[in-house]
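K.L.:
Pasting in a structure now, in structure tokens, and then I'll have a few things to ask.
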Amino acid sequence: MLCANHKGGEYGLCSDCQQSLPWHIAPKCPQCGLLSDGHICGHCLQSAPSFDATRALFSYDYPLDRLLQHYKYKESLHLADTFASLFIKNLLDAAPNNHTQPDLIMPMPMHNERLKQRGFNQALEIARLISKHRQIKLDFTSCQRTRLTPPQASLPLKERIKNIRGVFQCDKNLQGLNIALVDDVMTTGASLNELAKTLKQAGAAHVECWVIARTLPRPH
């Protein structure tokens, strides 16, 4: 996996370990984050998602997948700082000056029962750090997950879409706002799409997905 030597390395990882991570740097669709020629992919043109753009730091591959699992299920909260810092340095600080800064950062909401089980919302911890560093207002109360559903990772694509439909509720007028949604992993994008749809219904003008890792289709 990764070495245990944190000395001399930024962000809690030595330079060799940082280089071994699966950086998501290949040309990709700016809307969904899947590999393409750098333009909007055919799938997004044919069936546009509710979110407008995706920024992904890594591909969800070894050893990053193990690192994220350690963060979520082993209460390794220090890794939130690692992920947030790398995201800021490589995706936000490197963005063109004309890129619009969001008005709000919102983490993927977690149902209260799931929050009790895990003890923390992994997306919120990362969002909190990005918000503080970039001085963008953090909002983790206006949008809630109203139904406890089976974990998305346990379901096939069609079931994921059905599973997540209508589970979010937004109590805030978001008229004309640009919003960044933060999550740890984007797999099919079903959850982020449903959340973006809810925010657009509340008036949001532009919704981006800011994720630590993007799952890419396996080559046949």
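The values are calculated or read from the model by the stated rules, or taken from the named source; none is laboratory data. For clarity, every value in this text was computed on a predicted model and none was experimentally measured. As a convention, Cβ positions derive from the backbone with ideal geometry for all residues, glycine included, and neighbour counts pool all protein chains shown.
K.L.:
Filter segment 19-56 down to residues that are surrounded by fewer than 18 Cβ atoms within 10 Å (Cβ to Cβ) and of a type in the set (Ser, Thr, Tyr) and give me whichever is farthest from Asn90 (Cα to Cα).
P.N.:
Applying the filter and picking the extreme gives Ser47.
K.L.:
Let me ask you something else. Considering segment 83-103 alone, what residues qualify as being surrounded by fewer than 21 Cβ atoms within 10 Å (Cβ to Cβ) and not in a loop (DSSP other than H, G, I, E, B)?
P.N.:
Ser85, Leu86, Ile88, Lys89, Asn90, Leu91, Leu92
K.L.:
Within segment 96-118, which residues are of a type in the set (Val, Ile, Thr) and modelled with pLDDT of 90 or more? If you could, list the steps in order and put the result at the bottom.
P.N.:
First, the residues of segment 96-118 that are of a type in the set (Val, Ile, Thr): 100, 105.
Answer for segment 96-118, where residues must be of a type in the set (Val, Ile, Thr) and modelled with pLDDT of 90 or more: just Ile105.
K.L.:
Out of all the residues in segment 69-82, which are surrounded by 13 or more Cβ atoms within 10 Å (Cβ to Cβ), of a type in the set (A, V, I, L, M, F, W, C) and over 19 Å from Arg214 (Cβ atoms)?
P.N.:
None - no residue of segment 69-82 is surrounded by 13 or more Cβ atoms within 10 Å (Cβ to Cβ), of a type in the set (A, V, I, L, M, F, W, C) and over 19 Å from Arg214 (Cβ atoms), so the list stays empty.
K.L.:
So, Ser131, is that one of a type in the set (Ser, Thr, Tyr), surrounded by 13 or more Cβ atoms within 10 Å (Cβ to Cβ) and closer than 14 Å to Leu195 by Cα or not? Reasoning before the result, please.
P.N.:
Values: of a type in the set (Ser, Thr, Tyr): yes; surrounded by 13 or more Cβ atoms within 10 Å (Cβ to Cβ): yes; closer than 14 Å to Leu195 by Cα: no.
Answer is no for this residue.
K.L.:
Restricting to segment 177-193, give me the number of residues that are at pLDDT 95 or above and more than 10 Å from the chain's Cα centre (by Cα).
P.N.:
4
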